[in-house]
Ligand SMILES: Cc1ncc(COP(=O)(O)O)c(C=O)c1O
């Protein structure tokens with residue numbers, strides 16, 4: 001086998017799992033993190049993007065120059081833009097003001113066209129406004145194909161057969177608990193499917209942001225702040241009633257706790273993850289670990305890197321303007 005890849009797309013996957021021994025020093029099970037930011041587009045959504053484009057190629061026989069529309073909070077956009085650049089498709093991304101400036105510029109640099117909405121919907125998010133704008137966009141671009149990440153068996157399958165399989169191989173088949181975060185449901189429902197098929201004893205936790213309406217157990221909507229996490233509607237990916245066949249426990253977390261955990265892990269482990277990864281790690285240490293013995297192995301899926309959020313989630317002024325308190329960020333140095 002050659003020591004190089006035919007394109008960047010072959011470099012997707014095979015992300016490392018790392019022990020969080022310092023962050024987890026006070027709890028007895030082994031805490032582990034799968035670092036999806038080592039994917040070439042910087043997040044786990046590279047896997048979903050490639051899976052969705054390959055599905056569209058089979059379903060619609062895409063030819064070079066084909067137009068693809070997606071609605072994205074950022075990371076799927078980067079994965080899609082990367083894939084479309086390699087394959088010669090034109091990507092149109094529907095985005096909203098939660099998109100951080102560096103991701104916006106990255107999308108443009110990768111050749112994507114951006115269409116922005118800026119009004120909050122009735123739930124306090126932008127998801128419903130994006131869907132409304134989608135209708136007019138589809139009328140304006142009749143030849144473009146809309147790929148819906150909220151209802152995407154291809155995204156679920158990509159995570160089932162790549163992320164899920166990889167996890168059990170890396171863990172030698174022994175994993176006591178898996179902790180993932182909720183967004184469109186592609187990653188969690190895909191990984192959960194593989195684990196149910198091949199490791200039914202693994203208990204599965206799903207973490208969502210307070211105020212999200214993503215899951216069947218969600219309550220009242222509230223403004224949300226963590227990129228990629230939470231939705232203003234329940235995505236079809238969560239499979240309605242069969243949701244609880246795949247997910248054992250749901251935990252809600254506020255943005256302050258998630259960002260505090262990400263900050264603590266950056267200083268103690270040298271791993272700078274985004275706020276959604278912080279949410280998964282906070283729940284792994286505070287909620288899941290106390291339920292297991294010292295020989296247990298717990299794994300959190302870390303969606304992306306924190307460097308994307310230096311002007312938002314990790315910026316003290318931005319946090320204050322959103323009314324979020326993260327005392328760890330105002331005390332520099334090691335905790
Ligand atoms: C940073 C981040 N965290 C979490 C998620 C949620 O993942 P999923 O959409 O697979 O549920 C996403 C999805 O875009 C994301 O970008």
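The combined condition, being modelled with pLDDT of 95 or more and away from the ligand (no atom under 12 Å from the Cβ), is fulfilled by residue 106. Kindly indicate whether residue 258 is within 17 Å of the chain's Cα centre (by Cα) and surrounded by 14 or more Cβ atoms within 10 Å (Cβ to Cβ). So residue 258 passes the test. One residue alone among 128, 134 is in contact with a strand residue (DSSP E or B) (Cβ under 7 Å, 6 or more places away or on another chain), in the same structural domain as residue 71 (by TED's automatic domain parsing), more than 16 Å from the ligand (Cβ to nearest atom) and in a helix (DSSP H, G or I), and that residue is 134.
Looking at residue 36, is it farther than 19 Å from residue 162 by Cα and either surrounded by 15 or more Cβ atoms within 10 Å (Cβ to Cβ) or in the same structural domain as residue 312 (by TED's automatic domain parsing) (or both)? The answer is no for residue 36. Answer with yes or no whether residue 77 is away from the ligand (no atom under 16 Å from the Cβ) and either without any contact (Cβ under 8 Å) to a residue 60 or more places away in the chain or under 19 Å from residue 280 (Cα atoms) (or both). In short, no.
Could you identify the single residue in 50, 20, 76 that is under 21 Å from the mean Cα position of the chain (by Cα), crowded, with 17+ Cβ neighbours inside 10 Å, under 28 Å from residue 310 (Cβ atoms) and assigned by TED's automatic domain parsing to the domain that holds residue 169? Even if it seems obvious, please write down each step before you answer.
Values: 50 fails: assigned by TED's automatic domain parsing to the domain that holds residue 169; 76 fails: assigned by TED's automatic domain parsing to the domain that holds residue 169.
Every option except 20 fails the conditions.
Across the range 275-315, which residue is nearest to residue 35 (Cα to Cα) among those that are assigned to a strand (DSSP E or B) and touching a helix residue (DSSP H, G or I) at 6+ places or on another chain (Cβ under 6 Å)? Step through it out loud before you land on a result.
Going residue by residue through the range 275-315, those that are assigned to a strand (DSSP E or B) are 297-302, 304-305.
Okay, now just the ones that are also touching a helix residue (DSSP H, G or I) at 6+ places or on another chain (Cβ under 6 Å), so 298, 300, 302, 304-305.
On the way: 298: 14, 300: 9, 302: 5, 304: 7, 305: 8 Å.
The qualifying residue nearest to residue 35 (Cα to Cα) is 302.
Residues satisfying the criterion are absent from the range 310-320 (criterion: under 28 Å from residue 14 (Cα atoms), crowded, with 18+ Cβ neighbours inside 10 Å, more than 16 Å from the ligand (Cβ to nearest atom) and in contact (Cβ under 8 Å) with a residue 24 or more places away in the chain). If a residue must be within 15 Å of the ligand (Cβ to nearest atom) and farther than 19 Å from residue 255 by Cβ, how many such residues does the range 84-101 contain? So the count comes out to 3.
Selection over the range 264-274 of residues that are in a helix (DSSP H, G or I) and either crowded, with 23+ Cβ neighbours inside 10 Å or more than 16 Å from the ligand (Cβ to nearest atom) (or both) gives a count of 5.
Listed conditions (1) in a loop (DSSP other than H, G, I, E, B); (2) within 14 Å of the ligand (Cβ to nearest atom) are all met by residue 118, apart from (2).
Residues that are away from the ligand (no atom under 11 Å from the Cβ), in a helix (DSSP H, G or I) and over 13 Å from residue 181 (Cα atoms) occur at least once in the range 227-237.
The values are calculated or read from the model by the stated rules, or taken from the named source; none is laboratory data. Small disclaimer: the values here were computed from a predicted structure and weren't measured. Positions of Cβ are backbone-derived with ideal geometry, glycine not excepted, and every protein chain shown enters the neighbour counts.
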